[in-house]
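The values are calculated or read from the model by the stated rules, or taken from the named source; none is laboratory data. Model, not experiment: these values are computed from the prediction. Cβ: placed from backbone, ideal geometry, glycine included. Neighbour counts: every protein chain shown.
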């Protein structure tokens, strides 16, 4: 099942998951090459300016004389920039053209991603065309083109996965389409890249690229019937969940909890992080978040459930951890 | 410079016009390209007409820069239009 | 036109009381009455000091930011406080420091540099300063008092994108503070721009042809015109957002036919030119400092001037490069990417011109030179990263990340702050009894340069590793820890360098009028002439770009009063008005001296905006009336009557009154109308843009209200136009009372025209809060109301003066300005009718 699926993924070094210069997708790869060329070129130009300045100030008289005419301005200020900028611009435009053409071909998978303050609402369709909701952790098959349909429920957000592609904004009233492909299985981290108030700094996410069979299994399990909680404390946790009214805001498919204000919790237990990649998905972190959510995500809509006792919080955390 | 600004405005504004009012978005690129070529042509004519004093020579430099910018803009239109 | 003398035309020694009289006329009020002073040097000192104070205050906010971000999961500031701190850091730096600082430099130095005695509208410049200072101090106070007591500082980032900043997501008063606070900054900037344009174009020393004008004057001229065309876009956007917040007019609300991107277009149409507005005068300063420091004239003057003008133009075509990730179609992005690449060329031209200039002489390694070299390095690096982000594919990674934070600081700090420090070290001797300490300056430079690079270079790395902007903290383990810690260390070194400068400045700078340290660098331009409260003792004829180098005896001759205007022939403050290109003397302008009306106008203007923010509407209204009354009193004392021809020295006789297009206030009115036109143009953009966003909201021919009211409005406009013509004809025949009646009836007709149109929309059931279309139609009425209001007030004012005989067929400057304003209002009104009634019918069914 979904258990253990992501265990091996933590081998990927953290920095590689989120680095525009460590690309693992076609768009990011093209941009990384462009970046490297521009960086080297820029450094050389800066060096040239420094050298010319040094010569102008300290150089031998004949060199200074050569630099002191209007030709320096014409060659350095007009001819050289025009040529280099034209070349660079054309390369850049050609890259854009390629990206546009590639994105025109249909994607193998389309996922709706709606930005909320300060989490990500996901909407998939399974093989039978049935929809199911997820939150904060985008799971995709490796090596295929995926479209993320980006919208916003409130303010402007932006989806950015530096290792895979450029970013694209979520603007209320519009749907933007972000084309991605993960070329290696693994975990890629992303971040909201448009200031959205309050807890913008705590609005990260992860994209998990699975082998095709694993992805198919993951998707098929979306509508699997709910298992009974394994332990006594998880069963007690289920009671706490119901009694505290969590279902008013959260959905757990196959139960009475059908709220849509907050993230879907149906498969919370299988995720690597909670609270939009702010906390690791451990028992203690779950308990802490429920009790003191405002410390982790200030100004979010999740009220702190401080009135729950230690035991209740622990049971609730066990229940949530078992939702897979 | 004024010509460049006019070309810019024409290219920018005509996009909506073609798409929404006339329903022929595919015409925008050829139209804007024509506008750009016209701008370049007029710029070169003006270049040759400029006087040799301070203002005339400054205008020639400006015209050169405007031509470069128009050229860059045309490159964008032709590559991506 | 008689040729200008090449030798001093006046005999020395001058009559004994001439200098004493000059000093008395130009004397600065003493004690606390100095707040009424209007001398450009006095206002300039206050202005520079205030701008620098805001730099320090916003810099302290930056230190707080860096302390919070030094370690992951920082706990120094809460997210609410941090969000206010970074918003205020950016807002104060951009609006209360950067633009005012260069404007202050212009106010302080331009008249002396151009050979004028003062700016052409001294009270306007003082008003601009006081409105800015009072408003700025209160606005900045909001962060301390606001966040401590009320959480009232804005927290939407310095560019305040809706919907985050609308009433629903930012219900507190902070956003209103920002929106209305920006209002008086805008007024201040525009007032300054008017001064500078008219001053640079019309009050230069005789013979100072445009090709001989100092490069700093060129950059200030371009800077001012850029303000004229760019600021109205942000004026409009702040008005619209405030209307949405206060009254629910849905300009930016996608659910009702508005669009969040409308704000971004309007803001960045201002915002991009804004950064060149900040950079260009600093580049102009460098173009003044380098030639002096190498003792050789600037190489490529003409190329530099052309490049500056090109930057000014191009900068208006780049704004979408701030929106590359919004989902706009690729062809548009490519177009703006192309323009953004093109602007790098004229920016680079200047760098090579400075290198060539340095090669043509021997650079003295003074503190000022070091800051210039620092500027060259830092700004070039920033410009290169700018070319990088101009390329769309790269920007899609870099946008809104710390790479951009690095880029913007390299170009802004490098491009403006380094030259500003260079300017302090360079020009202080011209205005202060002591120069600054060279030794302290070199230490300050080293700390600032090293600290700056350590602080900002690592941010490029953090950005590419995924660190977005405006995050109050970050988790460990993403590779952001190291760069952030290094950045904080660098920031502290930078702060130390600035502290060294501040200590030096406090110890050494003693602003003075008359016994400054003098021309310690042996520079070539006129601001280095010995000066007093009256600027230079006499006004020389200029035949060269570096007059003091071309004529070594010039300083002595000017001081002895042997050139033009050694005294005050009309007994008032005066300066010579010259033709715009060749600087032929045309007439002698009389300038106003100290007074209270502009100060009270500034206080009431600032109070008006701030009370509106606090929603104390009646009190705000009262202050608005107070501002208006002050303005009217101020205006009443302008336009002195003709004093005949006077001798300004050497037999040159000049008239003392000019009317028609030659008058300096006519030019000022044209500048104001350019602002109004730019505002209107931004509005037309907003109207058409919202149509492209939600065309279904537009009514189409069949759903429009019936055209009667619009036709009535058109007829009233025509009638008003007839009254305008009548007024001008009657005035030419000196039929003053009849002209007054024509003026009064004409402006009333204009107001009625506006009312008829607005009534028509109201009667059709159109209500602004319902849709973006409705909101933008009523926004048109609001803009019409603003201009009509100005015309009505001016019309009544001029009618009164006509009746009192203070405006006549000869003394007609005020009537001319009214006619300009009125004609503009008629034109704008007619276009508004065509747009709001014609366009929906033209596009067919909605």
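Taking region C:9-41 as the region of interest, how many residues are part of a loop (DSSP other than H, G, I, E, B), over 23 Å from residue C:195 (Cβ atoms) and in contact with a strand residue (DSSP E or B) (Cβ under 9 Å, 6 or more places away or on another chain)? Give the steps one after another, and end with the answer.
Filtering region C:9-41 for residues part of a loop (DSSP other than H, G, I, E, B) gives C:9-15, C:26-30, C:37-39.
Next cut, over 23 Å from residue C:195 (Cβ atoms) only: C:9-15, C:30.
Subset that is in contact with a strand residue (DSSP E or B) (Cβ under 9 Å, 6 or more places away or on another chain): C:9-10.
Of the residues in that region, 2 qualify.
Of these, A:89, A:47, A:67, which one is more than 29 Å from residue A:212 (Cα to Cα), modelled with pLDDT of 95 or more and in contact with a helix residue (DSSP H, G or I) (Cβ under 6 Å, 6 or more places away or on another chain)?
When all the criteria are applied, what remains is A:89.
All but one of (1) more than 21 Å from residue A:205 (Cβ to Cβ); (2) in contact with a helix residue (DSSP H, G or I) (Cβ under 6 Å, 6 or more places away or on another chain) hold for residue A:255; which doesn't?
Going through the list (1) more than 21 Å from residue A:205 (Cβ to Cβ); (2) in contact with a helix residue (DSSP H, G or I) (Cβ under 6 Å, 6 or more places away or on another chain), residue A:255 breaks only (2).
Scan the helices (runs of 4 or more DSSP H) fully inside region C:752-846 and keep the ones with 1 or more residues being closer than 16 Å to residue C:739 by Cα. Before the answer, list the steps.
Values: elements: C:772-803, C:813-833, C:839-842.
It comes to C:772-803, C:813-833.
Could you tell me whether any residue of region C:316-329 is over 27 Å from the mean Cα position of the chain (by Cα), within 11 Å of chain B (Cβ to nearest Cβ) and farther than 16 Å from residue B:4 by Cα?
Checked against the condition, which is being over 27 Å from the mean Cα position of the chain (by Cα), within 11 Å of chain B (Cβ to nearest Cβ) and farther than 16 Å from residue B:4 by Cα, region C:316-329 yields at least one hit.
Identify, by number, the condition in (1) within 28 Å of residue C:641 (Cα to Cα); (2) within 29 Å of the chain's Cα centre (by Cα); (3) surrounded by 24 or more Cβ atoms within 10 Å (Cβ to Cβ) that residue C:819 doesn't meet.
(3)
Tell me, which residue of region A:184-226 that is assigned to a loop (DSSP other than H, G, I, E, B) and within 30 Å of residue C:175 (Cβ to Cβ) is farthest from the other protein chains (Cβ to nearest Cβ)?
Selected residue: A:203.
Which residues, counting only those in region A:211-234, are under 13 Å from residue A:270 (Cβ atoms) and in contact with a strand residue (DSSP E or B) (Cβ under 6 Å, 6 or more places away or on another chain)?
Within region A:211-234, A:218, A:222 qualify.
Among the helices (runs of 4 or more DSSP H) confined wholly to region A:258-324, which include 3 or more residues that are closer than 21 Å to residue C:472 by Cβ and without any contact (Cβ under 8 Å) to a residue 40 or more places away in the chain?
The helices (runs of 4 or more DSSP H) meeting that bar are A:283-291, A:293-296.
Please tell me if residue A:48 is closer than 28 Å to residue C:380 by Cβ and facing chain C (nearest Cβ under 8 Å).
Criteria not met by residue A:48.
Is it the case that some residue within region C:132-149 is at pLDDT 90 or above and either in a helix (DSSP H, G or I) or closer than 23 Å to residue C:78 by Cα (or both)?
Within region C:132-149, one or more residues are at pLDDT 90 or above and either in a helix (DSSP H, G or I) or closer than 23 Å to residue C:78 by Cα (or both).
This table checks each residue for (1) over 24 Å from residue A:95 (Cα atoms); (2) crowded, with 22+ Cβ neighbours inside 10 Å.
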site: A:150; (1), (2): no, yes
site: A:163; (1), (2): no, yes
site: A:167; (1), (2): no, yes
site: A:185; (1), (2): yes, no
site: A:196; (1), (2): yes, yes
site: A:202; (1), (2): yes, yes
site: A:221; (1), (2): yes, no
site: A:239; (1), (2): yes, no
site: A:252; (1), (2): yes, yes
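Is it true that some residue in region C:356-366 is more than 8 Å from chain A (Cβ to nearest Cβ) and assigned to a helix (DSSP H, G or I)?
No, region C:356-366 contains no residue that is more than 8 Å from chain A (Cβ to nearest Cβ) and assigned to a helix (DSSP H, G or I).
Pick from A:287, A:276: which is in contact with a helix residue (DSSP H, G or I) (Cβ under 8 Å, 6 or more places away or on another chain) and closer than 24 Å to residue A:113 by Cα? Steps first, answer last, please.
Values: A:287 fails: closer than 24 Å to residue A:113 by Cα.
Residue meeting the stated conditions: A:276.
Filter region C:522-552 down to residues that are within 32 Å of the chain's Cα centre (by Cα) and in a helix (DSSP H, G or I) and give me whichever is surrounded by the fewest Cβ atoms within 10 Å (Cβ to Cβ). Can you show your working first?
Of all residues in region C:522-552, those within 32 Å of the chain's Cα centre (by Cα) come to C:522-548.
With the extra rule that they be in a helix (DSSP H, G or I), the set shrinks to C:526-528, C:547-548.
Values: C:526: 29, C:527: 24, C:528: 24, C:547: 25, C:548: 21.
Restricting to residues being within 32 Å of the chain's Cα centre (by Cα) and in a helix (DSSP H, G or I), the top hit is C:548.
For region C:381-393, does any single residue satisfy the condition of being touching a residue at least 40 places away in the same chain (Cβ under 8 Å), touching a helix residue (DSSP H, G or I) at 6+ places or on another chain (Cβ under 9 Å), more than 9 Å from chain A (Cβ to nearest Cβ) and over 15 Å from residue A:45 (Cβ atoms)?
So in region C:381-393, the residues touching a residue at least 40 places away in the same chain (Cβ under 8 Å) come out as C:385-387, C:389-392.
Then keep just the ones that are touching a helix residue (DSSP H, G or I) at 6+ places or on another chain (Cβ under 9 Å); that gives C:385-387, C:389-392.
Those still in the list that are more than 9 Å from chain A (Cβ to nearest Cβ) too: C:386, C:389.
Still in the list and also over 15 Å from residue A:45 (Cβ atoms): C:389.
Yes, the conditions are met somewhere in region C:381-393.
Looking at this structure, is residue C:158 within 14 Å of another protein chain (Cβ to nearest Cβ), farther than 30 Å from residue C:120 by Cα and within 18 Å of the chain's Cα centre (by Cα)?
When the stated conditions are applied, residue C:158 passes them.
Tell me which of these residue B:71 doesn't satisfy, since it passes every other one: (1) within 12 Å of chain C (Cβ to nearest Cβ); (2) more than 14 Å from the chain's Cα centre (by Cα); (3) surrounded by fewer than 21 Cβ atoms within 10 Å (Cβ to Cβ).
Going through (1) within 12 Å of chain C (Cβ to nearest Cβ); (2) more than 14 Å from the chain's Cα centre (by Cα); (3) surrounded by fewer than 21 Cβ atoms within 10 Å (Cβ to Cβ) one by one, residue B:71 breaks only (2).
Could you identify the single residue in A:55, A:159 that is buried (at least 18 other Cβ atoms within 10 Å of the Cβ) and either facing another protein chain (nearest Cβ under 9 Å) or modelled with pLDDT of 95 or more (or both)?
Criteria check complete, one pass: A:159.
Name the residues in region A:1-14 that are surrounded by 17 or more Cβ atoms within 10 Å (Cβ to Cβ) and either modelled with pLDDT of 50 or more or in a helix (DSSP H, G or I) (or both), would you?
A:9
State which residue is nearest to the other protein chains (Cβ to nearest Cβ) when the search covers only region A:169-183 and only residues that are in a strand (DSSP E or B) and crowded, with 22+ Cβ neighbours inside 10 Å. Quick ask: steps written out before the conclusion?
Applying the first criterion (in a strand (DSSP E or B)) to region A:169-183 yields A:169-170, A:176-180.
Now drop any that are not crowded, with 22+ Cβ neighbours inside 10 Å, which leaves A:169-170, A:178, A:180.
Details: A:169: 5, A:170: 9, A:178: 9, A:180: 12 Å.
For region A:169-183, the residue satisfying everything is A:169.
Among the residues of region B:50-68, which ones are in contact with a helix residue (DSSP H, G or I) (Cβ under 9 Å, 6 or more places away or on another chain) and either at positive phi or more than 11 Å from chain C (Cβ to nearest Cβ) (or both)?
B:50, B:51
Looking at B:34, B:42, can you tell me which residue is more than 22 Å from residue C:682 (Cα to Cα), more than 8 Å from chain C (Cβ to nearest Cβ), under 11 Å from the mean Cα position of the chain (by Cα) and surrounded by fewer than 12 Cβ atoms within 10 Å (Cβ to Cβ)?
Going through B:34, B:42 in turn, just one is more than 22 Å from residue C:682 (Cα to Cα), more than 8 Å from chain C (Cβ to nearest Cβ), under 11 Å from the mean Cα position of the chain (by Cα) and surrounded by fewer than 12 Cβ atoms within 10 Å (Cβ to Cβ): B:34.
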